[in-house]
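Asker: Take this structure, written in structure tokens, and hold onto it; I'll ask about it next.
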Amino acid sequence: MTSHSRLVPLLLGVAVVMFAAAPFVIDTAPYESSMGLVQRIFYFHLGAAMTMLTSGLVCGIASARYLAKRSASADHLAYAAVELAVLFGTMVLVTGPLWARKAWGVWWDWEPRLTSTLVMYMLFVAYLLLRRFGGAGSEVLSAAIGLFGMALVPFVYISVNLWRTLHPKTSVLPTLPKPMLVPALFCLAAFLILYWALLLIRMRMEAARAEIDAAYLSLED
Amino acid sequence: MIGVFRAAWIIARKDLLVETRSRELVYTTLFFAVSCVLVFAWAFVREGKPIDNASAGVLWVAIVFSGTLALGRAFERERQSETLRGLLMAPIERAAVYLGKLFALLVLMILVEIVLVPIVALFFHAPIGRAPWLLAGLLVVGTVGFAAVGTLFAAMLVRAQSRDVLLSIVLYPVTVPVVMTGVQGTAAIFAAEPDFGLAQTCLTLLIFFDAVFVTLALWTFAPVMHE
């Protein structure tokens, strides 16, 4: 972990600069006529959503690795990734309805992408609850949840898609023109860099906690 | 060392034998499922007329709730007398323990469903005679998907603190696709203008879910139950 001690401040610094610059970069995007200012939520919404998905993927892979190899660092990575997925997921679920209210006229819609995001978010929260209240050995159980969670996402998407055939929706997600694409990618990069920094910090905390626990145990023996 | 399926059958038979002697799970689960339906009937039936398309949802929610109850109890039994350790120490594949438990649970849940379906039909005017085989197929295949995940998580949580609460918390998000597809297919049969094509698509999809869930659960069971 010590090899990351210089990387973390660097990543955090870059993230701070990028988030400070983000309003100005977003300002270069054209003003969307029908939605006005609210449309600009989208740039943060997309960044947070992609970060949440990345985090879910990281957790699934780390969980599978932990189940197969029992390496403690894989467990720390999975735990850190889930916590951050809940953090960014909360941002997604707050910014999404704000945008949808203006774009679709409703706060929420049982549409495949929304439903699968919500189910994934619920799974991450369940993971944290299990981790917090499951007692000894809960890291193995939560790893199984992490693995199932990753495998589940495409199925939720399929099942809701099927559901949707009875309830067609006319709204179409806008395709992005270039002046909107640049700020969107800029924000996405800012989110991912922040995520990387937070993930490293959180993993280091978990490793430290494990060390303290081990020290306590050896003291008792 | 005996074969996986033979060992699984012995475990399932042992569970079913315990159950036929005490009948504890069948009676309690069935009573709970019926009271669920009654609560829904009080909430959703007004002056003898149920609200539209409620029956499929009510049926599946009752199955899922009562299934959760049975799952928790089935493993509580093994924990109380420390017999789970015996099962895990037996010279058989871990997968056999999982399959045996799953099969016994399926028998129990399907028994409950046989009683539950006519009761839902009675209270919610569900036309269960319209496509009985398709309906039975959806229920059985959906129950397999639910129980496949449930057996894995219930086994995992046996030694955890506050396992009953945690089982529900974990189980419902994971079984969302199964329940959603099951409700969708059943509602397509029960609808005023039934769509059997959609129900068949749901059935195919559920079979696909089952294959994935059972495979994943078999793969996860052995490392998770490792002591």
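Asker: Quick one: helix B:196-224 against the long Cα principal axis of chain B, what's the angle to the nearest 10°, folded into 0 to 90?
Answerer: 20
Asker: Let me ask something additional. Could you give the alpha-carbon Rg of the range B:120-227 over 2.2 N^0.38 Å, rounded to two decimals? Mind showing how you got there, number by number?
Answerer: On the way: Rg = 16.2 Å, N = 108, 2.2 N^0.38 = 13.0 Å.
It is 1.24.
Asker: Using a Förster distance of 30 angstrom, determine the FRET efficiency expected from the C-beta separation of B:Glu193 and B:Leu38, and round it to 0.05.
Answerer: On the way: r = 29 Å, r/R0 = 0.96.
The value I calculate is 0.55.
Asker: Another one. Kindly write out, for the range A:127-140 in residue order, the coupling ³J(HN,Hα) from the Karplus curve 6.51 cos²θ - 1.76 cosθ + 1.60 (θ = phi - 60°), rounded to whole Hz, with x marking Gly and Pro.
Answerer: 4, 5, 4, 4, 5, 7, 10, x, x, 5, x, 6, 5, 5
Asker: From largest to smallest, what semi-axes in whole angstrom does the protein assembly as shown give when each is the square root of 5 times an eigenvalue of its alpha carbon gyration tensor? Please list the in-between numbers first.
Answerer: Details: eigenvalues 329, 219, 52 Å².
Semi-axes, largest first: 41, 33, 16 Å.
Asker: Mind listing the long-range amide H neighbours of A:Gly135? Cut-off is under 5 Å, sequence gap 5 or more, other chains count too, H placed in the peptide plane at 1.01 Å from N.
Answerer: The list, which skips near neighbours in sequence, is B:Gln161.
Asker: Roughly how big is chain A's charge dipole about its Cα centre, with Cβ charges of +1 (Lys, Arg) and -1 (Asp, Glu), in debye to the nearest 20? Could you put the intermediate results ahead of the total?
Answerer: On the way: 16 positive and 12 negative charges, 105 e Å.
Here the size comes out at about 500 debye.
Asker: Here is a further query. So what's the angle, to the nearest 10 degrees on a 0 to 90 scale, between helix B:4-22 and the longest Cα principal axis of chain B?
Answerer: Tilt relative to chain B: about 70 degrees.
Asker: As an exercise, use a Förster radius of 60 Å and the Cβ-Cβ distance of A:Ala210 and B:Arg130 to find the FRET efficiency, rounded to the nearest 0.05.
Answerer: On the way: r = 58 Å, r/R0 = 0.97.
Calculated value: 0.55.
Asker: In addition: Which residues does the label zone of A:Ile201 cover in the range A:5-22, counting backbone N under 18 Å from a point 7 Å along Cα→Cβ?
Answerer: Within reach of a label on A:Ile201: A:5-21.
Asker: What is the diffusion coefficient of chain A in µm²/s, taking the Kirkwood radius over Cα pairs and the Stokes-Einstein relation at 37 °C with a viscosity of 0.692 mPa s?
Answerer: Values: Rh = 19.2 Å.
Result for D is 171 µm²/s.
Asker: Hey, another quick one. Report, in degrees rounded to the nearest 10, the 0 to 90 angle that the Cα long axis of helix B:176-190 makes with the longest principal axis of chain B.
Answerer: Helix B:176-190 sits roughly 40 degrees off the main axis of chain B.
Asker: Using a basic spin-label model with each label point 7 Å from the Cα along Cα→Cβ, how many nm lie between A:Glu220 and B:Val165?
Answerer: The two pseudo-label positions are separated by 2.3 nm.
Asker: What number comes out for the charge environment of B:Arg79, summing +1 per Lys or Arg and -1 per Asp or Glu over other residues with Cβ under 11 Å away?
Answerer: Working: positive: B:Arg73, B:Arg77, B:Arg85, B:Arg159, B:Arg163; negative: B:Glu76, B:Glu78, B:Glu82.
Neighbourhood net charge equals +2.
Asker: Tell me, what is the 1.4 Å probe accessible area of B:Tyr27, in Å² to the nearest 10?
Answerer: 140
Asker: Apply the Karplus parameterisation 6.51 cos²θ - 1.76 cosθ + 1.60, with θ equal to phi minus 60°, to every residue of the range A:194-205 and state each ³J(HN,Hα) to the nearest whole Hz, in sequence, with x for glycine and proline.
Answerer: Values per residue, Gly and Pro as x: 4, 4, 4, 4, 5, 4, 5, 4, 5, 5, 5, 4 Hz.
Asker: Taking springs between alpha-carbon atoms closer than 10 angstrom, which of B:Lys14, B:Lys49, B:Lys101 fluctuates most in the Gaussian network model of chain B?
Answerer: Most flexible of the set in this elastic network: B:Lys49.
Asker: Going out from 0 in 10 Å bins, what whole percent of all Cα-Cα distances in chain B drops into each bin?
Answerer: Taking every Cα pair in chain B, the percentages come to 8, 33, 35, 18, 6, 1, 0.
Asker: Another one. Using only Cα atoms, locate the centre of the range B:4-80 and the centre of the range A:36-107, then give the distance between them in Å, rounded to an integer.
Answerer: 35
Asker: While we're looking at this one, here's another question. How far apart, in nm, are the 7 Å Cα→Cβ label points at B:Ser22 and A:Val17?
Answerer: 6.7
Asker: In whole Hz and in residue order, list the ³J(HN,Hα) couplings for the range B:72-87 that follow from phi through the Karplus curve 6.51 cos²θ - 1.76 cosθ + 1.60, θ = phi - 60°; x for Gly and Pro.
Answerer: x, 6, 4, 8, 4, 4, 5, 6, 3, 9, 6, 7, 4, 4, x, 4
Asker: Take each of the peptides B:113-123, A:48-58, average the number of other beta-carbon atoms within 10 Å over its residues, and list them starting from the highest. Mind dumping the intermediate values first?
Answerer: Working: B:113-123: 17.7, A:48-58: 21.5.
The most tightly packed comes first, giving A:48-58, B:113-123.
Asker: Shifting gears a bit: Full-extension gain between B:Ala90 and B:Val140, please, as 0.36 nm times their residue separation minus the C-alpha to C-alpha distance. Before the final figure, lay out each step's value.
Answerer: On the way: separation 50, 0.36 × 50 = 18.00 nm, distance 3.03 nm.
Computed gain between B:Ala90 and B:Val140 is 15.0 nm.
The values are calculated or read from the model by the stated rules, or taken from the named source; none is laboratory data. Only a predicted model underlies this, so the values are computations on that prediction, with no experimental measurement involved. Positions of Cβ are backbone-derived with ideal geometry, glycine not excepted, and every protein chain shown enters the neighbour counts. Accessible surface areas use protein heavy atoms only, side chains included; no ligands, DNA or RNA. Shrake-Rupley method; radii C 1.70, N 1.55, O 1.52, S 1.80 Å.
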